[in-house]
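The values are calculated or read from the model by the stated rules, or taken from the named source; none is laboratory data. Note that the coordinates shown come from a computational prediction; the quantities given were computed from them, not determined experimentally. A quick note on method: Cβ atoms are made from the backbone with ideal geometry, for glycine too, and the neighbour counts reach across all protein chains shown.
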Amino acid sequence: MDGDYIIGGAFSIHYNMLPVKHNYTTKPEPLSCTGRIEPRELRFSRAMIFAIQEINNSTKLLPGIRLGYQIHDSCASIPMAVKVAFQLSSGLDSVFYTSDNCSQSGMVMAVVGESASGQSIAMSRIIGSFNVPQVSHFATCACLSNKHQYPSFLRTIPSDQFQADALAKLVKQFGWTWIGAVRSDSDYGNNGMASFLNAAQKEGICVEYSESFYRYHPLTRIKRVANVIRRSTAVVVVAFVSFADMKVLLEEMSLGPSPPRQWIGSESWVTHPDMLKFTFCSGAVGFGIPRSTIPGLRGFLLDLSPSKVTASPILTEFWEDAFNCRLEKSSSMDKSACNGSEDIHTLQSPYTDTSQLRITNMVYKAAYAIAHAIHDAVCQEIDSKTQCDKLTRIESKQILTELKKVNFSQNGYNVSFDANGDPVAMYELVNWQKGKSGSLEMVTVGYYDASRPKGQEFHIYQNLTWMEDRTEVPVSVCTDSCPPGTHKVLQKGKPICCFDCVPCPEGEISNTTDSRNCLVCPKEFWPNAERDTCLPKPVEFLSYNEFLGIILATFSVGGACLAVITATVFFRHRTSAIVRANNSELSFLLLFSLTLCFLCSLTFIGAPSEWSCMLRHTVFGITFVLCISCVLGKTLVVLMAFKATLPGRNAMKWFGPPQQKMTVVSFTFIQVLICTVWLILNPPFPIKNLSTYKDRIILECALGSAIGFWAVLSYIGLLAVFCFVLAVLARKLPDNFNEAKFITFSMLIFCAVWITFIPAYVTSPGKFTVAVEIFAILASSFGLILCIFAPKCFIIVFKPEKNTKKHLMTRRNF
């Protein structure tokens, strides 16, 4: 249609182009389209005409000026798009203009189109050279935002960069980390998929395969891609594919059985109504341009009288395809003639379907954007009235400048462009669900707004249906998530999403799913059995509440009671011969020291404290030296008593009761001195032993000074050996009741116990170290009291007739 200013249009009304044979001997045939008309693309072109008619009838926008249009079919092919670009740039005249204004002959002010990115790129490189603005309604390739390469390109549909980011976030939202990817082998698919893969990598998503194809590729290539999808382990397939290419792929997929796949689609095909016939894609999810309404458009689309149809070859072809009949002026003879009963109002076709106007609204906004740019270039506000001069000569470069600045609202939809010529990104989340009739329907379940704060772009307000009409979200991972208590170890040569779940090492935990590393528990904590929580280590010490502690305490108290009972027996029979003959004072002092020896073992039971740690070793050392000193005194008494009976010997005067007491005090004082020095310089102290056992804490007493501890033990051992040697020397002295024999046995037991104590003490772990020490104390104490005092008590209680001086003086074996 002619007009004061012409707007160009380019749409993929056909999806195939006749092949051109080049024999280089004759002029090639002109490029031409073939195949069936794409009804939705026809609707796009008719929506542009509708918008121009609305503008021409408007009294506010371009009043008094009539817009015309040139709309071309690019056949969804780049060669035809190039031809269309040249036609829009220079007109259809087959004449060369040599005058200065040749650039204006037939040139359009701006172009609406193309529907695909590949064709749009080809057109933009040509018409961009003439600064002709191009406003696309459906070319989404992110590459077109590059103003250095495409300075005159703008669009009313968001860039694929936004869609790629949204798709990656969508995949991440539902926990899919293992996906397949297919794309059109075109600028649209390759650039879109590159953007998606980059965004997916940032989200930690792995791609099992990434395949490309094009509808004109050999069938073997299409089959190979279909087989890759069938054999893959990834359940989710992200398809950044144009509608025409996706149609070819899904037709091939439908020919053979395939495991269920969750399809995630780009806007190009997932909102195309013709794709809903592929029922095995039920549950597909993708993004679509928001639905809209255009008042009056449906009536305009259905207003096709026979005269209008026959006046247009495109409409004639559409009519004949839709009703499968032949119009009078048509050259097609393989169909019966139309009888006039055909009613377009009853036609079920994407052309007549205005229930979900998405891309159509983008065409509508593109036409209005160009009209506003022309208006701003040729119209002025004078006295609150708009006056436009249709004779104003304007360059397409002016229109480009004005287009970049437009900001208006049409039917409630805002139209503006950023510095890259892109609009604000807003998508609907579309889900293919089965309707009541059993057929697939596109249901809007949410939206994505790129202008919202990060992390809040999604808003899903309706339940989704997934593949095979499932209600639960399908799982698509290379490896199931690692539960807490394990960490991920990557499998060699595979993507980061493929890993093994390895239990955390000893002493470490992981408290999150899919943990990359395990955390070391603090020193006083240890993992639970599941290794997902650090729990305080159980504290262990020899307690009165446990069986071992009760047994040792019982023997300790029992030994003390035995010493007290023995002392009581001796006290009640203190005037008897056997008590008096065996140095009663030293005997009572020995029994007192044995009582302390038994009781000092109680300081080793219970939780260690500063006082108990200092007392247990020092009291033990002093009481045992007191005990051994008494035994040593008794041994010396036996030896001196025998020496005193020999003629000319007066040894007993040098070892009477005062000297005996002084000997005991002297030996004991040396041990007291050693213990005092030990306590002053580096006393024992309580510690938490974290090294013996990894999973529990041992409360024990550190020796402080190991030298002090071993000095105490060495001094006890020295006295015990000395006492043992003297007792051995006195064991065969002639006497009816030679106490040296019993002292020999007691010292033999004592030395044996403490010699075996040393390796047992060093090697015993934890609380058993304390138990070994208590056992050594009790065993040596019982050895002393039983060997030295048991025979005497037996005679006193059960053999009183032998408890006489006469009997003791008789030289015979006891």
Practice task
Go through the residues of region 704-716 one by one and say whether even a single one is touching a Leu at 6+ places or on another chain (Cβ under 7 Å), in contact (Cβ under 8 Å) with a residue 40 or more places away in the chain, assigned by TED's automatic domain parsing to the domain that holds PRO608 and of a type in the set (Phe, Trp, Tyr).
Solution key: yes
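Would you point out the residue of region 176-202, among those that are in contact with a Cys (Cβ under 7 Å, 6 or more places away or on another chain) and within 28 Å of VAL475 (Cβ to Cβ), that is surrounded by the most Cβ atoms within 10 Å (Cβ to Cβ)?
First pass over region 176-202, keeping only residues in contact with a Cys (Cβ under 7 Å, 6 or more places away or on another chain): 177-178, 187-188, 191-192.
Checking the rest, the ones that are also within 28 Å of VAL475 (Cβ to Cβ) come to 177-178, 192.
Values: THR177: 24, TRP178: 21, GLY192: 30.
In this case the residue turns out to be GLY192.
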Practice task
Check GLU267, GLU252 and return the single one that is out of contact with any Ser or Thr (no Cβ under 9 Å at 6 or more places or on another chain) and either surrounded by 14 or more Cβ atoms within 10 Å (Cβ to Cβ) or basic (Lys, Arg) (or both).
Solution key: GLU252
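If you take just the helices (runs of 4 or more DSSP H) that sit entirely in region 181-285, which of them hold at least 3 residues that are under 20 Å from LEU170 (Cβ atoms) and among the polar types (S, T, N, Q)? I'd like the intermediate steps shown before the answer.
Details: elements: 187-202, 219-231, 243-253, 267-270.
Because the criterion is at least 3 residues that are under 20 Å from LEU170 (Cβ atoms) and among the polar types (S, T, N, Q), the helices (runs of 4 or more DSSP H) in region 181-285 that meet it are 187-202.
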Practice task
Among the numbered conditions (1) touching a residue at least 40 places away in the same chain (Cβ under 8 Å); (2) assigned to a loop (DSSP other than H, G, I, E, B), tell me where GLY493 comes up short.
Solution key: (1)
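Within region 145-169, work out how many residues are more than 12 Å from GLU267 (Cβ to Cβ), assigned to a helix (DSSP H, G or I) and in contact with a Gly (Cβ under 8 Å, 6 or more places away or on another chain).
Within region 145-169, the subset more than 12 Å from GLU267 (Cβ to Cβ) is 145-156, 161, 165, 168-169.
Those left that are additionally assigned to a helix (DSSP H, G or I): 145, 161, 165, 168-169.
Now narrow it down to the ones that are in contact with a Gly (Cβ under 8 Å, 6 or more places away or on another chain): 145.
The total comes to 1.
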Completion exercise
Scanning region 724-748 residue by residue, those among the small types (Gly, Ala, Ser) and at pLDDT 70 or above turn out to be ALA727, SER746
Exercise for the section: Kindly indicate whether GLU441 is in contact with a strand residue (DSSP E or B) (Cβ under 8 Å, 6 or more places away or on another chain), assigned by TED's automatic domain parsing to the domain that holds GLY180, modelled with pLDDT under 90 and not hydrophobic (A, V, I, L, M, F, W, C). Expected result: no
Fill in the blank from the handout: (1) at pLDDT 95 or above; (2) not in a strand (DSSP E or B) all hold for VAL424 apart from (1)
Problem - Hits in region 427-485 (condition: touching a residue at least 60 places away in the same chain (Cβ under 8 Å), assigned to a loop (DSSP other than H, G, I, E, B), out of contact with any Lys or Arg (no Cβ under 9 Å at 6 or more places or on another chain) and over 16 Å from PHE174 (Cβ atoms)) - result: ALA450
Problem - Residues of region 16-58 satisfying the condition of being of a type in the set (S, T, N, Q) and under 24 Å from GLY299 (Cα atoms) - result: SER45, GLN53, ASN56, ASN57, SER58
Exercise for the section: Please find, within region 37-52, the residue that is surrounded by the fewest Cβ atoms within 10 Å (Cβ to Cβ) out of those that are of a type in the set (D, E, K, R) and either at positive phi or in a helix (DSSP H, G or I) (or both). Expected result: ARG40
Exercise for the section: Kindly indicate whether any position in region 663-678 is in a helix (DSSP H, G or I), modelled with pLDDT of 90 or more and not hydrophobic (A, V, I, L, M, F, W, C). Expected result: yes
Practice task
Run ASN517 past the list (1) crowded, with 17+ Cβ neighbours inside 10 Å; (2) farther than 23 Å from ILE698 by Cβ; (3) not hydrophobic (A, V, I, L, M, F, W, C) and report the number of the one that doesn't hold.
Solution key: (1)
Practice task
Only one of these is among the acidic types (Asp, Glu) and outside the structural domain of LEU170 (by TED's automatic domain parsing): ASP449, ASP480. Name it.
Solution key: ASP480
Problem - Filter result (surrounded by 11 or more Cβ atoms within 10 Å (Cβ to Cβ) and hydroxyl-bearing (Ser, Thr, Tyr)) within region 4-36 - result: TYR5, SER12, TYR15, SER32, THR34
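Okay, residues lined up against (1) in the same structural domain as GLN173 (by TED's automatic domain parsing); (2) hydroxyl-bearing (Ser, Thr, Tyr); (3) in contact with a strand residue (DSSP E or B) (Cβ under 8 Å, 6 or more places away or on another chain):
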| position | (1), (2), (3) |
| --- | --- |
| GLU252 | yes, no, no |
| SER258 | yes, yes, no |
| GLY283 | yes, no, yes |
| THR293 | no, yes, yes |
| PHE318 | no, no, yes |
| ALA322 | no, no, no |
| GLU342 | no, no, no |
Practice task
Return yes when ASP353 is in a loop (DSSP other than H, G, I, E, B) and surrounded by fewer than 21 Cβ atoms within 10 Å (Cβ to Cβ) and no when it is not.
Solution key: yes
Practice task
Tell me, yes or no, whether region 138-148 has at least one residue that is farther than 30 Å from MET48 by Cα and crowded, with 18+ Cβ neighbours inside 10 Å.
Solution key: no
Exercise for the section: Confirm whether PHE300 is under 30 Å from THR59 (Cβ atoms) and either hydrophobic (A, V, I, L, M, F, W, C) or over 60 Å from the mean Cα position of the chain (by Cα) (or both). Expected result: yes
Exercise for the section: Determine if region 357-373 includes at least one residue that is part of a loop (DSSP other than H, G, I, E, B) and loosely packed, with under 15 Cβ neighbours inside 10 Å. Expected result: no
Problem - Which numbered condition GLY421 fails, given (1) surrounded by 15 or more Cβ atoms within 10 Å (Cβ to Cβ); (2) at negative phi - result: (2)
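Would you confirm whether or not region 258-273 contains a residue that is without any contact (Cβ under 8 Å) to a residue 24 or more places away in the chain and among the polar types (S, T, N, Q)? Before the answer, list the steps.
Restricting attention to region 258-273, the residues satisfying the condition of being without any contact (Cβ under 8 Å) to a residue 24 or more places away in the chain are none.
Checking region 258-273: not a single residue is without any contact (Cβ under 8 Å) to a residue 24 or more places away in the chain and among the polar types (S, T, N, Q).
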Completion exercise
Of those in region 286-308 that are modelled with pLDDT under 90 and assigned to a helix (DSSP H, G or I), the residue nearest to ASN411 (Cα to Cα) is LYS308
Problem - Pair list, Cβ under 8 Å, 6 or more apart: region 534-559 residue part of a loop (DSSP other than H, G, I, E, B) and among the small types (Gly, Ala, Ser), other residue at pLDDT below 90 and surrounded by fewer than 20 Cβ atoms within 10 Å (Cβ to Cβ) - result: SER543/GLY606; SER543/ALA607
